[in-house]
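Trainee: Have a look at this one before I ask anything.
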Amino acid sequence: MDNALETRMDAGLESRSIRTDASGRFIRGFGYIVIGLFALFSLLPFLLVLGTSFTAESAIRQYGFNLIPRVFSTFAYEIVFENPQRIVGSFILTIGLVVVGTAIGLFIIAMTGYALQRPDFAYRNKISFFIYFTTLFSGGLVPFYLLITQYLQLKDNYMAVLLPGLLSPFLIIMMKSFVRSIPHAITESAKIDGAGDFTIFVRLILPMTTPALATIGLFLAISYWNEWYHSMLFLSADMEYRPLQYFLYQTITTADFIRNSAAASNVPLRDVPLESMKMATAVVATLPVIFFYPFVQRYFIKGITIGAVKG
């Protein structure tokens, strides 16, 4: 009797395990299909931009935008890279701004976030108020322009592009929230051992904030990479090299002016590849970021969820 009961129980457990494994495989398979379709739909716009950038302008006017070029042409890229020295110089300048601005900005933001979460810092609430206040109100464009050009004397100076992007209230708040998750007892124990504040910050706090640093660094790097507005305000046409985004913006503006004006040109006005040039500049400006993102993705996902889980 007991053996028969044990046999039936084992058979029931086995059948239940089989059903569980089958349902688990079904759920995983369904999840893979949904994620795969979502990834494909996310990739389609970029493929459309890439295909259009290699399409002749006449084919775009006749057939519209297509994933696969109906009439293959590299004319848009030839115009974009017509002056290799200038576009290479713009690339180098932009990369320099990204590296220097990201490194300095990360260090300043990390120090600010660390100081503002210290309970023994007497002025943390007052300074935090001024930082939060700037997220609600701005001084406006005219005072900002006068500050850069009149008081700091940075007209036609790359520092006018570098300095405004070093600090961001949103990034300071993000860093402060992340550093708050680090127990203050670590700082107190280091102080008992004789470590100074800067030593504690560099040797203890920074290594423990790698996810936040990667996330904030990505935000800073992308903001510097896409920078064109400050370049337009403070860098005149006399500058030999300008940041990449502003250089590409001027290239498209010039092509649009040529096609829509009656000025003489070596290229027939109707054949200026304005639409394909827009797509080509988007590809040139986006590809470096796409190649860089996978290296910080794992840190970015962890850092972007700062404060989402309480424990």
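Trainee: Which of the residues spanning the stretch 159-184 are open to solvent by 60 Å² or more (accessible area, probe 1.4 Å) and at pLDDT 90 or above?
Mentor: Correct list: 159, 163.
Trainee: Does residue 142 satisfy the criteria of being assigned to a helix (DSSP H, G or I) and either in contact with an Asp or Glu (Cβ under 9 Å, 6 or more places away or on another chain) or closer than 22 Å to residue 201 by Cβ (or both)?
Mentor: Considered against the rule, which asks whether it is assigned to a helix (DSSP H, G or I) and either in contact with an Asp or Glu (Cβ under 9 Å, 6 or more places away or on another chain) or closer than 22 Å to residue 201 by Cβ (or both), residue 142 comes out as no.
Let's see how each residue does on (1) within 24 Å of the chain's Cα centre (by Cα); (2) not assigned by TED's automatic domain parsing to the domain that holds residue 179:
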site: 34; (1), (2): no, yes
site: 41; (1), (2): yes, yes
site: 92; (1), (2): yes, no
site: 99; (1), (2): yes, no
site: 122; (1), (2): no, no
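Trainee: Only one of 147, 162 is in a helix (DSSP H, G or I) and over 22 Å from the mean Cα position of the chain (by Cα); which?
Mentor: 147
Trainee: Which one of these is open to solvent by 30 Å² or more (accessible area, probe 1.4 Å) and under 20 Å from residue 229 (Cα atoms): 120, 156, 193, 197?
Mentor: Just a single option satisfies the conditions, and that option is 156.
Trainee: Please enumerate the residues belonging to the stretch 62-102 that are exposed (fewer than 14 other Cβ atoms within 10 Å of the Cβ) and not in a loop (DSSP other than H, G, I, E, B).
Mentor: 62, 63, 72, 78, 84, 85, 88, 92, 99
Trainee: Give me the pairs: first residue in the stretch 123-152 and open to solvent by 70 Å² or more (accessible area, probe 1.4 Å), second residue among the β-branched types (Val, Ile, Thr) and not in a helix (DSSP H, G or I), beta-carbon distance under 8 Å, and six or more apart or on different chains, which are they?
Mentor: Nothing qualifies.
Trainee: Across the stretch 231-243, which residue is nearest to residue 155 (Cα to Cα) among those that are buried (at least 20 other Cβ atoms within 10 Å of the Cβ) and out of contact with any Asp or Glu (no Cβ under 9 Å at 6 or more places or on another chain)?
Mentor: My answer is 231.
Trainee: Quick check on my filter: what residues within the stretch 246-261 are open to solvent by less than 30 Å² (accessible area, probe 1.4 Å) and not small (Gly, Ala, Ser)?
Mentor: Listed by number, the residues that qualify are 246, 247, 248, 251.
Trainee: Considering only residues that are open to solvent by 20 Å² or more (accessible area, probe 1.4 Å) and either in contact (Cβ under 8 Å) with a residue 60 or more places away in the chain or more than 24 Å from residue 290 (Cβ to Cβ) (or both), which ones fall in the stretch 45-61?
Mentor: Within the stretch 45-61, 46, 49, 50, 54, 58, 61 meet the criteria.
Trainee: Which of the residues spanning the stretch 220-238 are outside any loop (DSSP other than H, G, I, E, B) and over 15 Å from residue 99 (Cβ atoms)?
Mentor: Residues satisfying the conditions are 229, 230, 231, 232, 233, 234.
Trainee: Another question, if that's okay. I'd like the residue in the stretch 262-299 that is open to solvent by less than 40 Å² (accessible area, probe 1.4 Å) and at pLDDT below 70 and, out of all such residues, is nearest to residue 55 (Cα to Cα).
Mentor: 272
The values are calculated or read from the model by the stated rules, or taken from the named source; none is laboratory data. As the structure is a computational prediction, the values presented were derived from the model and not from experiment. All Cβ positions, even for glycine, are placed from backbone atoms using ideal geometry, and neighbour counts span all protein chains on display. Ligands, DNA and RNA are excluded from the accessible area calculation, which covers all protein heavy atoms including side chains. Shrake-Rupley method; radii C 1.70, N 1.55, O 1.52, S 1.80 Å.
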